[in-house]
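The values are calculated or read from the model by the stated rules, or taken from the named source; none is laboratory data. The structure displayed is predicted, hence computed values, not measured ones. Here the Cβ positions follow ideal geometry from the backbone for every residue, glycine too, while neighbour counts run over all protein chains shown. When the accessible area is computed, the model is the full protein with side chains, heavy atoms only, and any ligands, DNA or RNA have been set aside. Shrake-Rupley method; radii C 1.70, N 1.55, O 1.52, S 1.80 Å.
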Amino acid sequence: MKIQKRDGRIVDYEAEKIVAAIKKANNEVDESERASDALINLILRDVELETAQGKILTVEHIQDMIEERLVEHNKYTLSKKYIVYRYQRSLLRKSNTTDESILKLIRNENKELAEENSNKNTRLASTQRDYIAGEVSRDVTRRMLLPEHISLAHDNGVLHFHDADYFIQPIFNCCLINIQDMLDNGTSINGKMIESPKSFQVACTVTTQIIAAVASNQYGGQSVNIKHLGKYLRRSRDKFMRQLDEEFGDQMSKEDKDRVVALRVRDELKSGVQTIQYQINTLMTTNGQSPFVTLFLHIDETDPYVDETVEIIMEILRQRIEGTKNEKGVYVTPAFPKLVYVLDENNCLKGGKYDYVTELAAECSAKRMYPDYISAKKMRENYEGNVFSPMGCRSFLSPWKDENGAYKFEGRFNQGVVSLNLPQIGILAEGDEKRFWKLLDERLDLCFEALMCRHKALQGITSDVSPIHWQYGAIARLKKGQTIDHLLTGGYSTISLGYIGLYELTYLMKGVSHTDPNGEEFALRVMKYLKETTARWKKETNIGFALYGTPAESLCYRFARIDREKFGDIPNVTDKGYYTNSYHVDVREKIDAFRKFAFESRFQNLSLGGAISYVEIPNLTNNIDAVKEVIKYIYDNIQYGEFNTKSDYCHVCGYDGEILINDQNEWECPQCHNKDHSKMNVTRRTCGYLGENFWNAGKTKEIKVRVTHL
């Protein structure tokens, strides 16, 4: 016999809980008003008769039955007490939850918020203002905007309703900015017209202004294809040549003019890229952080400005290698913009025309761990022959064609994400596959309902809420007062189902990792089922549902913490203190970079709403040949790869020696004394344990932590 909890979970029916609730009410009324044991048994019989007919009753329905039976037997006072008890419980669930969290935030004691986003410093007044607003939004969302069972499902780690701190606002997640349209046709920011730039330097400045305006009116990342700046570098070159012709005419030889123009273009190129890098890292959006920007670096030989694009990419890589000076004047790795470099036939280190650019990218990876790498070959296999940028959150759009049959990616967006806790289902299923698939369906239904809440929250919104997005080209050129509804359907935008812990789920169900052949077969079945489910939702609703292997570091810890509190220490699952992200191989497994990429590529191909895989290479700077070998392997074998390193590194001062624990039990850089662990890499030592750090019996610090980097 089963009942449905408020958070949507299907659990075993427990008569004892009904008895306990009635007896609690009994204790608050005179003896003559109390329900006798016979009446309590009668109520239980009625409930059990309904459940015996195959119905799965909700908790609310059972409570309604109890009230009805008490009234039928003239237990009005008792019934009233029971009703009041229910009401008080309901108020408790809906009570304000912001006071304590906001006070902790102001006192800088809210550890969960501090670790949620390494791009936001919770000590800053501007950031605190955004966080305070976010806490209010989160509270209103939980109590009023979401159905109660969805809020409870989130609280209990059944699913994660991402970005609830922005849900109260009519904004969306990530996007690919249509920077080509905005630069070529002009745009408007803060009511001021911005015309098409006449030079590369101005185009770079306008691009950063657009990025800041876009970032202030959404909560996710923004991506920009750098090739659209190539035209403006050509304009600068042509302008310099015209100026020389007008000033000197035939008095200067063509060779001399070419040399002067080349010098001026080189200076313009360096200044323009510097503008992008410094503006992005120094601008502060309205949510108290730098824009979460990705620059897409693709050498597309069909582009008439490909030569200029190559020059821009080279300069971006050179400046990233150099780094940016911090407040102490030390060159460090800037957090933004993220760089995504495309490997194609012409630059995959196999004798291609542009291999020299990839050589520079490899040098950049060795020193700065950027860029990420995308295989154009694998992307074309997965996305109908197309190569395009991921959004800032590393999610991908599905192919979509306009009325002329042309593929369109830029100017599209993601409506939001809800992620599923896979290990919790495995814990409840207890190795029973039949039970697992039933629970999975129930929880996918919950995720669908939560995702539809996201979709419905955007319906009816007019273009006036964010003119930079909807009226001036970042997404569309709609009229004032026009709704965005037609952009929410038909697959133009996506809405994403995330998932955490495929490794732990497989271990719970099969007793082995998903890298084991027995575990892999099960894991692939789960992934295919998730993919088929999102495809079915898309067909049924005409909304672009997608399966997204989110790189949600903090969520891996949140789900594990909740399940550890509920179910205790489960070996190799909750006892680790973290769950493995999406389909990834657990960090403790002995597996080399090539085998890891080869294995995870099978899962990336099923997670086309977004996926990324990481490999770690110790001491990247001294292993550039190994970096190049991995880059070549990425091109042939996996769509999206990224490097991590096992060497210690401080992003504040650039120190690359060993980082240890100080006397106050904190990680501290010995050079600049930075104590912010989100701004340093820390080598994973000894056994690779990734749970909480602790003092051992000898009062010395066990140094066993995960690799982190901005």
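Could you grab me the full set of residues in the range 383-403 that are over 16 Å from THR534 (Cα atoms) and touching a residue at least 12 places away in the same chain (Cβ under 8 Å)?
TYR383, GLU384, ASN386, VAL387, PHE388, SER389, PRO390, MET391, GLY392, CYS393, ARG394, TRP400
Looking at MET369 and the list (1) aliphatic (A, V, I, L, M); (2) farther than 24 Å from LEU497 by Cα; (3) over 25 Å from the mean Cα position of the chain (by Cα), which single condition is not satisfied?
With respect to (1) aliphatic (A, V, I, L, M); (2) farther than 24 Å from LEU497 by Cα; (3) over 25 Å from the mean Cα position of the chain (by Cα), MET369 is out only on (3).
Within the range 496-521, which residues are surrounded by fewer than 21 Cβ atoms within 10 Å (Cβ to Cβ) and under 24 Å from GLY641 (Cα atoms)?
THR515, ASP516, PRO517, GLY519, GLU520, GLU521, listed by residue number.
Would you please name the residue that is farthest from LEU502 (Cα to Cα), looking only at residues in the range 398-436 that are of a type in the set (A, V, I, L, M) and out of contact with any Leu (no Cβ under 7 Å at 6 or more places or on another chain)?
So the residue we want is ALA406.
Can you confirm whether ARG443 is out of contact with any Gly (no Cβ under 7 Å at 6 or more places or on another chain), free of Cβ contacts under 8 Å to residues at least 24 places away in the same chain and of a type outside the set (Phe, Trp, Tyr)?
Spelling it out, it is not the case that ARG443 is out of contact with any Gly (no Cβ under 7 Å at 6 or more places or on another chain), free of Cβ contacts under 8 Å to residues at least 24 places away in the same chain and of a type outside the set (Phe, Trp, Tyr).
Can you run down the residue pairs with Cβ atoms below 8 Å, 6 or more apart or on separate chains, where the first is in the range 578-600 and part of a helix (DSSP H, G or I) and the partner is among the aromatic types (Phe, Trp, Tyr)?
ALA593/TYR633; PHE594/TYR633; PHE597/TYR633; GLU600/TYR583
Just to be sure I understand, how many residues within the range 462-477 are hydroxyl-bearing (Ser, Thr, Tyr) and in a loop (DSSP other than H, G, I, E, B)?
Residues flagged as hydroxyl-bearing (Ser, Thr, Tyr) and in a loop (DSSP other than H, G, I, E, B) within the range 462-477 amount to 2.
Is the range 2-21 home to any residue that is within 25 Å of LEU446 (Cβ to Cβ), in a helix (DSSP H, G or I), modelled with pLDDT under 80 and open to solvent by 40 Å² or more (accessible area, probe 1.4 Å)?
no
Of all residues in the range 557-577 being under 30 Å from GLY221 (Cβ atoms) and modelled with pLDDT under 90, which is surrounded by the fewest Cβ atoms within 10 Å (Cβ to Cβ)?
Top of the filtered list is GLY577.
Determine whether the range 435-446 contains at least one residue that is part of a strand (DSSP E or B), surrounded by 16 or more Cβ atoms within 10 Å (Cβ to Cβ) and more than 20 Å from the chain's Cα centre (by Cα).
no
Of all the residues that make up the range 326-346, how many are farther than 17 Å from LYS367 by Cα and either charged (D, E, K, R) or open to solvent by less than 10 Å² (accessible area, probe 1.4 Å) (or both)?
6
Mind checking which residues of the range 174-203 are open to solvent by less than 30 Å² (accessible area, probe 1.4 Å), part of a loop (DSSP other than H, G, I, E, B) and either touching a Gly at 6+ places or on another chain (Cβ under 8 Å) or β-branched (Val, Ile, Thr) (or both)?
Of everything in the range 174-203, those that are open to solvent by less than 30 Å² (accessible area, probe 1.4 Å), part of a loop (DSSP other than H, G, I, E, B) and either touching a Gly at 6+ places or on another chain (Cβ under 8 Å) or β-branched (Val, Ile, Thr) (or both) turn out to be CYS174, ILE177, ASN178, SER196.
When you go through VAL261, VAL357 one by one, which is the residue that is open to solvent by less than 60 Å² (accessible area, probe 1.4 Å), in a helix (DSSP H, G or I), farther than 16 Å from THR207 by Cα and free of Cβ contacts under 8 Å to residues at least 40 places away in the same chain?
Answer to the check: VAL261.
Specify which of the listed residues (GLY323, GLY351) is surrounded by fewer than 18 Cβ atoms within 10 Å (Cβ to Cβ), in contact with a helix residue (DSSP H, G or I) (Cβ under 9 Å, 6 or more places away or on another chain) and not aromatic (Phe, Trp, Tyr).
So the residue among GLY323, GLY351 that is surrounded by fewer than 18 Cβ atoms within 10 Å (Cβ to Cβ), in contact with a helix residue (DSSP H, G or I) (Cβ under 9 Å, 6 or more places away or on another chain) and not aromatic (Phe, Trp, Tyr) is GLY323.
(1) open to solvent by less than 20 Å² (accessible area, probe 1.4 Å); (2) assigned to a helix (DSSP H, G or I); (3) modelled with pLDDT of 85 or more: which one isn't true of ALA38, the others all being true?
Failed condition: (1).
If I filter the range 53-66 for residues that are assigned to a helix (DSSP H, G or I), more than 18 Å from LYS17 (Cβ to Cβ) and either at pLDDT 65 or above or open to solvent by less than 60 Å² (accessible area, probe 1.4 Å) (or both), do I get at least one hit?
So far as the range 53-66 goes, no, none of its residues is assigned to a helix (DSSP H, G or I), more than 18 Å from LYS17 (Cβ to Cβ) and either at pLDDT 65 or above or open to solvent by less than 60 Å² (accessible area, probe 1.4 Å) (or both).
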